[in-house]
Structure formats: C-alpha cells, structure tokens
Amino acid sequence: MTEPKSFEDLQRELDEIVTRLERGDVPVDDAIALFRRGEELYKECVARLQGAELQIEELLPSDPGT
Amino acid sequence: MPKVEHLVYGDRKVFTVSAFNRGIGMHLGKLPPVWVEGEVTELRRNDAWATVFLTLKDPKTGATLSVTIARRVYDRLELDLSEGATVHVAGRAEMYELKGELGFRATTIERIGLGDHLLALEQLKRQLAAEGLFAAERKRRLPRVPRAIGILTGADAAARGDLVATIGARFPATKVVIRETRVQGRGAASRIVGALAALAAHPEVDVIVLARGGGSFEDLLPFSDEAVVRAVAGSRVPVVSAVGHEQDTPLCDLAADARAATPTAAGTLVVPDLGELAASVGASRRRLGLAVRAQLERDRNKLARQGERLRTAPRLLLERRRAALDHSGARLQTLSPLATLGRGYAIVRSGGDALRSAAAVQTGDPVDIQLAAGSLGARVDEVRP
C-alpha cells in the first residue's frame, strides 16, 4: 500500500517543477510535460484545501483497563 | 473522666444528642495521636479566626478528612501551602460535638514529597540532559501541513476544545486523531506512553500534541516521568508539548520538538493558516505559467535563429567554394608553361623529349622548337656542351 501523498509533498513537487522550469534548461517536450504535471499538482492542492471540514477521529484504547 | 449523663425511661437508657456526641468525642480522645497523609484540597485561613481549616484528600480514593489547627501554630510553620500539596498531619481524631462530625485536630503539619520530588526531578533532568535528550539538534521540524494531528489528552474538555477549535479555524482540510487517557495520578505515566505509541502508530498522524491544561505540581508529575520523557524524545513523529501553564516546565516540554504555552498556541504551531497556504499555492501556479511561457519563448527564438542559419547556409557554402576555386585557378595560371612561353621562352624537343642538355644531341639531329605561338622544325648546326 502506498501512503497517500501529503499536501506538503504535493506542494514541494509543484515548487520543484516551477524551479526547474525557471532555470530554463529543460527540453521543450519535457517542459510541456512538467507544466501539465504542475497544473495537476496545483489542482490537487486546491481541491485539498477547498470545502474540507475538520475530521475528528477518536482513538479508543485497545486495553479496556486504560 | 466525667460520666456522660443519660435519661432513664423505665428500663431504657437514653442519651441526648450532645451527650452522645460528647461521649463519642471522649472515646476518640483516648485514641493515640497519629500521622495522616493526604492532599490539601481546601484551605481556609483568616487573620480574624483562631483556627485554620483544611480538608485532606486521599488522592487514590477521593476520601476526605476535615482538619483544624490553631492559627498561631499554623502561621509559625510557614508552610506556604497551596491546594494539591501533599502533607503529613500529626494529631488526634476529634468530634465536633455541635454537628456530630468527625474531624482531626492537628498539632503540626509537614509538607512532604515536594522536596523529594523536586530533587528527583532535578537529578533526572540533569541525567537526561547529559544524554542529549533535550539537545536543540535533536528537535525536528514540525510538518507544515500534517495529514493528521494526534492529540493526547486527559478528560480535560477545555484544553481539548481549544486545540480542536484552533485547528479547525486555521486549517479545516485536516484531521485530528484524539486519544484520551488518564494523565494524572497513579499509572498515568505508563498510560501516556501507551497513548503516545498508539497515536504515533496511526498511519496518517504526522505530529502529536500533548494537550494538558494547568494542574498542581503533583498533577503534572507524570509529564516529567522518565518513561514519558523518553517516549516523547524517541517518538516516530514530532511532538508538541502543551502541558500546564506558562510557568510550568515539565520535562516533556524540554524533550518535545516544540513547546506551546497554551492549547491555542499549540494549534497555531501544528497547522498553517488556510488563507496563507492557498495564496502560496496560487503564487506557485503563476510562476509555473510564467516559467513555461518563458521556456517556450526561448525555444521559439532559438528555432527562429536556427531557421535563419539553415536558409543562409547553402549560399555561404557556394560563395566559399567559388572563392577557393578562383584562388586555385590563379595559382594554376602561374604554373602553366604556356605562360612562360608568352614571355619569350621556347621549348626544344628531340624525339618528343624536352632538351635540358646540349650533350643529348649531335650535330645534324632534327629538333622541334615550340614557341608561344606555333613551332619550328630545325637541325643542330653545332654542339657546345
């Protein structure tokens, strides 16, 4: 099972893509692919921020005496 | 000892309430003086009163005992008692005859535990510090955006409520995992260790907050327990300690990756502000668009330059070739024997070969003389080698 990527991971990847593109030494095909990936990451980030409500989970002790 | 009066109704012996109470009181008075240990829960002292009243509580069962002591005695002890302090009280059981209530008349009070606790705590602190458990370089950065926040809390609705409310207000796009456990009294330390491990084992929990409101020195002791402090320092995920009030420094505060004075402060430490985060993501996207456009522009310009070079290349090549050819032609020209003949030289051949030596022919031999224009047939008249 792969762990779902954290918001922070997504944002970090987005920033890395931006930095690579800004350096300006990316072949054009790669640049387009990177841009698409960047847009995807942006949308995913926004989706995670919007419309979310705080989830609360109560972790119950496994030992009833606790 | 005076006898307790009683009334007689036929064969029935009857005591008045005061007589009964006095009688019990006299019996109690015969018991030997004892020491009683308990926690001070209520303390009433007034300069106008001759007596100081306090209630002792058994921390394990909650049983209570009313204690009185002469104010002048109490003041001389200079105990500086506060609620929650553990004390030893010396004295005797006493009956409050007017109310029929059992009390304890103290002759002296000694504060206990605190000194020992403080000493032990100081030693533990030194030992753990020597091991480097509190070192700044051990502190981990808190995740900027945790997937889930583990909250370890007692049955302390206020601390928990403040923390959850702060997290929800700043960053609702997250999750809190709450583990309630006993945080004070006997067995609290091992339960805190267990709850910490349970939270750290949760697959999404990226940071844990110890949320415990204020309490007496003794109440907060589990958060200075060696096992708890080691568990905090060794936790798989970073830990924020929000234990007690500003003035309290339980050892887990020192071992934790971050310390918060209040649950609200802890909330602002563990999640970012949604607005700020959205703005930062938006900025990244704008830079992404600008960067890819700039990249494409650069590529387009490069392509244009290459096209230009491609179109001009054949003409340049041709010109270079022509120039080279002209040069070769000129050189060829200077080497041509025809050009030499033009200047008045002649070539003399005998039998097809050009003559280089007079000795190669004899008088009378036919020779052929080539001039710039035409040739002559001739014979040798004389040889002068």
Helices (runs of 4 or more DSSP H) within region B:185-263 that include 3 or more residues within 14 Å of chain A (Cβ to nearest Cβ) and under 23 Å from B:GLU131 (Cβ atoms): B:188-201
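For region B:324-337, check the following and say yes or no: at least one residue is out of contact with any strand residue (DSSP E or B) (no Cβ under 6 Å at 6 or more places or on another chain) and closer than 30 Å to A:VAL28 by Cβ.
Taking region B:324-337 as the starting set, the residues that turn out to be out of contact with any strand residue (DSSP E or B) (no Cβ under 6 Å at 6 or more places or on another chain) are B:324-337.
Filter again for closer than 30 Å to A:VAL28 by Cβ, leaving none.
No, region B:324-337 contains no residue that is out of contact with any strand residue (DSSP E or B) (no Cβ under 6 Å at 6 or more places or on another chain) and closer than 30 Å to A:VAL28 by Cβ.
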Some residue of region B:304-324 being over 30 Å from B:ALA211 (Cβ atoms), basic (Lys, Arg) and at the interface with chain A (Cβ under 10 Å from one of its Cβ atoms): no
Residue within region B:252-269 that is surrounded by 11 or more Cβ atoms within 10 Å (Cβ to Cβ) and at pLDDT below 85 present: no
Qualifying residues in region A:4-32 (those that are farther than 18 Å from B:LEU274 by Cα, more than 7 Å from chain B (Cβ to nearest Cβ) and within 17 Å of the chain's Cα centre (by Cα)) - the one surrounded by the fewest Cβ atoms within 10 Å (Cβ to Cβ): A:PRO4
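Is it the case that B:GLY25 is touching a residue at least 12 places away in the same chain (Cβ under 8 Å), farther than 14 Å from B:ILE109 by Cα, small (Gly, Ala, Ser) and not in a loop (DSSP other than H, G, I, E, B)?
Values: touching a residue at least 12 places away in the same chain (Cβ under 8 Å): yes; farther than 14 Å from B:ILE109 by Cα: yes; small (Gly, Ala, Ser): yes; not in a loop (DSSP other than H, G, I, E, B): yes.
Yes: the conditions hold for B:GLY25.
I want to confirm something. Restricting to region B:78-100 and keeping residues that are touching a Ser or Thr at 6+ places or on another chain (Cβ under 7 Å) and surrounded by fewer than 19 Cβ atoms within 10 Å (Cβ to Cβ), which single residue is nearest to B:PHE53 (Cα to Cα)? Steps first, answer last, please.
Here is the first cut: in region B:78-100, the residues touching a Ser or Thr at 6+ places or on another chain (Cβ under 7 Å) are B:83-84, B:90-91, B:97.
Those left that are additionally surrounded by fewer than 19 Cβ atoms within 10 Å (Cβ to Cβ): B:83-84, B:90, B:97.
Values: B:GLU83: 13, B:GLY84: 15, B:ALA90: 15, B:GLU97: 16 Å.
Checked region B:78-100; the qualifying residue nearest to B:PHE53 (Cα to Cα) is B:GLU83.
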Of residues in region B:150-168 being part of a helix (DSSP H, G or I) and at the interface with chain A (Cβ under 9 Å from one of its Cβ atoms), the one surrounded by the fewest Cβ atoms within 10 Å (Cβ to Cβ): B:GLY168
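Is it true that B:THR334 is surrounded by fewer than 10 Cβ atoms within 10 Å (Cβ to Cβ) and in contact with a Lys or Arg (Cβ under 9 Å, 6 or more places away or on another chain)? Spell out the reasoning first.
Details: surrounded by fewer than 10 Cβ atoms within 10 Å (Cβ to Cβ): yes; in contact with a Lys or Arg (Cβ under 9 Å, 6 or more places away or on another chain): no.
Taking the combined requirement at face value, the residue does not satisfy it.
The values are calculated or read from the model by the stated rules, or taken from the named source; none is laboratory data. All figures in this text were calculated on a predicted structure; none of them were measured in a lab. With ideal geometry, Cβ positions are generated from the backbone for all residues, glycine too; neighbour counts draw on all protein chains shown.
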